């Protein structure tokens, strides 16, 4: 079946090709009645806009690449929802790539999206250092980039970050002031800035109260949901005492709490539990999990708005947006313990 063109619509309505083209672009210099008639005829004939031709004329593809580390997670899915809300409202398309936390996979996605001539990229990097040279090359070539969650170690990049240090400090201090004698920190093997800040806050809060931090209480975990349960089991098997469990990520806390429950531990009586990067699931755990509630959709929205600003105004200075978060005290570490 022949593809319907602007010329076909023009012939149908006895209008010039130029008039039809401007009417389809919603040019206000064309009368409203004409624009409406052109739109109705385009629908009736089955006209589809030639995006390639339009991008060649405008120099824009209207496509934005979003490269995430784990699209299956509730956290990144919520961020994607926020990005999509803004991009779709501005007539932009979103191409989503999943690096699975693999820097080599991330590199392939970056190269592929660069070659696809996307208008910009929103990136949640796997690691703060692995692809820094590629990020820098893309920025030197004037590719608009915005980083979320884990910006490169270079400071002069546009980024959206969460203030995790203050929240992690406050939760650690609450463990101490509520009488916990030994709190284990399940940190991360990742070099993510947010996780580094959590570990730093944990040390600083203990130091504030004149307490030494035994390095053995800071245990790095991978991003497997079973890690929390496995670490709890190992602590119990080796008869290592702990009455607090502070997880850098809610994912660790979910499996850790499940294992503590199955082993007969009372939460929070025997072991109080909290997490920094929580999710909506925190409220529905048993018992409900004290966690830091991060404005995930807002993070995505801010990233998309920042990227669009950079696309429209390439020479604007790079800036940071630091989003605040809220500690939600729940049953696993109540406010009044």
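The values are calculated or read from the model by the stated rules, or taken from the named source; none is laboratory data. Here the structure is a predicted model, which means the values were calculated and not measured. Quick reminder, even Gly has a Cβ in these numbers, built from the backbone with ideal geometry, and neighbours come from all protein chains shown.
Which members of the stretch 171-192 meet the condition of being under 24 Å from residue 222 (Cα atoms) and surrounded by fewer than 20 Cβ atoms within 10 Å (Cβ to Cβ)?
Hits for the stretch 171-192 are 182, 189, 191.
Scan the stretch 200-225 and report the pairs whose first residue is in contact (Cβ under 8 Å) with a residue 60 or more places away in the chain and whose second residue is part of a strand (DSSP E or B) and surrounded by 15 or more Cβ atoms within 10 Å (Cβ to Cβ), with Cβ atoms within less than 8 Å and a gap of 6+ or a chain change.
223/188; 223/249
How many residues, within the stretch 190-199, are part of a helix (DSSP H, G or I) and in contact (Cβ under 8 Å) with a residue 24 or more places away in the chain? Give the steps one after another, and end with the answer.
The first filter runs over the stretch 190-199 and keeps only residues part of a helix (DSSP H, G or I), leaving 193-199.
Adding the requirement that they be in contact (Cβ under 8 Å) with a residue 24 or more places away in the chain leaves 193-195, 197-199.
Number of matching residues: 6.
Could you pull out the residue among 81, 73 that is out of contact with any helix residue (DSSP H, G or I) (no Cβ under 7 Å at 6 or more places or on another chain), closer than 22 Å to residue 295 by Cβ and either touching a residue at least 60 places away in the same chain (Cβ under 8 Å) or surrounded by fewer than 16 Cβ atoms within 10 Å (Cβ to Cβ) (or both)? Reasoning before the result, please.
Values: 81 fails: out of contact with any helix residue (DSSP H, G or I) (no Cβ under 7 Å at 6 or more places or on another chain).
Every option except 73 fails the conditions.
For the subset of the stretch 88-105 comprising residues that are under 15 Å from the mean Cα position of the chain (by Cα) and buried (at least 18 other Cβ atoms within 10 Å of the Cβ), which member is nearest to residue 133 (Cα to Cα)?
Ranking the candidates gives 99 first.
Could you say whether any residue in the stretch 294-303 is within 30 Å of residue 139 (Cα to Cα), in a loop (DSSP other than H, G, I, E, B) and either free of Cβ contacts under 8 Å to residues at least 40 places away in the same chain or touching a strand residue (DSSP E or B) at 6+ places or on another chain (Cβ under 8 Å) (or both)? Break it down stepwise before answering.
Pass one, the stretch 294-303, residues within 30 Å of residue 139 (Cα to Cα): 294-303.
Then keep just the ones that are in a loop (DSSP other than H, G, I, E, B); that gives 294-295.
Within this subset, residues satisfying the condition of being either free of Cβ contacts under 8 Å to residues at least 40 places away in the same chain or touching a strand residue (DSSP E or B) at 6+ places or on another chain (Cβ under 8 Å) (or both) are 294-295.
Yes; the residues of the stretch 294-303 include at least one that is within 30 Å of residue 139 (Cα to Cα), in a loop (DSSP other than H, G, I, E, B) and either free of Cβ contacts under 8 Å to residues at least 40 places away in the same chain or touching a strand residue (DSSP E or B) at 6+ places or on another chain (Cβ under 8 Å) (or both).
Hey, among 57, 22, which residue is surrounded by 12 or more Cβ atoms within 10 Å (Cβ to Cβ) and either modelled with pLDDT of 90 or more or over 30 Å from residue 294 (Cβ atoms) (or both)? Reasoning before the result, please.
Values: 57 fails: surrounded by 12 or more Cβ atoms within 10 Å (Cβ to Cβ).
Of 57, 22, the one residue that is surrounded by 12 or more Cβ atoms within 10 Å (Cβ to Cβ) and either modelled with pLDDT of 90 or more or over 30 Å from residue 294 (Cβ atoms) (or both) is 22.
Condition test on residue 117, is it at positive phi and either in contact with a helix residue (DSSP H, G or I) (Cβ under 8 Å, 6 or more places away or on another chain) or touching a residue at least 24 places away in the same chain (Cβ under 8 Å) (or both)?
Criteria met by residue 117.
Mind listing just one residue for me: the one in the stretch 271-319 that is loosely packed, with under 14 Cβ neighbours inside 10 Å and within 18 Å of the chain's Cα centre (by Cα) and, of those, farthest from residue 82 (Cα to Cα)?
Out of the qualifying residues, it is 319.
I'd like the full set of residues that are closer than 15 Å to residue 75 by Cα and out of contact with any helix residue (DSSP H, G or I) (no Cβ under 9 Å at 6 or more places or on another chain), limited to the stretch 258-286.
Quick first cut of the stretch 258-286, residues closer than 15 Å to residue 75 by Cα only: 275-283.
Residue satisfying the conditions is 283 alone.
Considering the stretch 207-224 alone, what residues qualify as being in a helix (DSSP H, G or I) and farther than 20 Å from residue 240 by Cα?
Restricting attention to the stretch 207-224, the residues satisfying the condition of being in a helix (DSSP H, G or I) are 207-208, 215-217.
207, 208, listed by residue number.
All but one of (1) within 22 Å of the chain's Cα centre (by Cα); (2) modelled with pLDDT of 90 or more; (3) in a strand (DSSP E or B) hold for residue 187, so report the exception by its number.
Here residue 187 clears every test but (2).
Conditions (1) part of a strand (DSSP E or B); (2) modelled with pLDDT under 95; (3) over 23 Å from residue 188 (Cβ atoms), marked per residue:
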residue	(1), (2), (3)
270	no, no, yes
273	yes, no, no
316	no, yes, yes
322	yes, yes, no
327	yes, yes, no
333	no, yes, no
336	no, yes, yes
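Any idea how many residues of the stretch 225-258 are part of a helix (DSSP H, G or I), at pLDDT below 90 and either out of contact with any strand residue (DSSP E or B) (no Cβ under 7 Å at 6 or more places or on another chain) or surrounded by fewer than 17 Cβ atoms within 10 Å (Cβ to Cβ) (or both)? Full working, then the answer.
Taking the stretch 225-258 as the starting set, the residues that turn out to be part of a helix (DSSP H, G or I) are 227-237, 250-258.
After this cut, where a residue has to be at pLDDT below 90 as well, the list is 227, 250-252.
The next check asks that each one be either out of contact with any strand residue (DSSP E or B) (no Cβ under 7 Å at 6 or more places or on another chain) or surrounded by fewer than 17 Cβ atoms within 10 Å (Cβ to Cβ) (or both); those that pass are 251.
Total meeting the criteria: 1.
Quick check on my filter: what residues within the stretch 134-176 are touching a strand residue (DSSP E or B) at 6+ places or on another chain (Cβ under 6 Å), in a loop (DSSP other than H, G, I, E, B) and closer than 24 Å to residue 64 by Cβ?
144, 151, 157, 158
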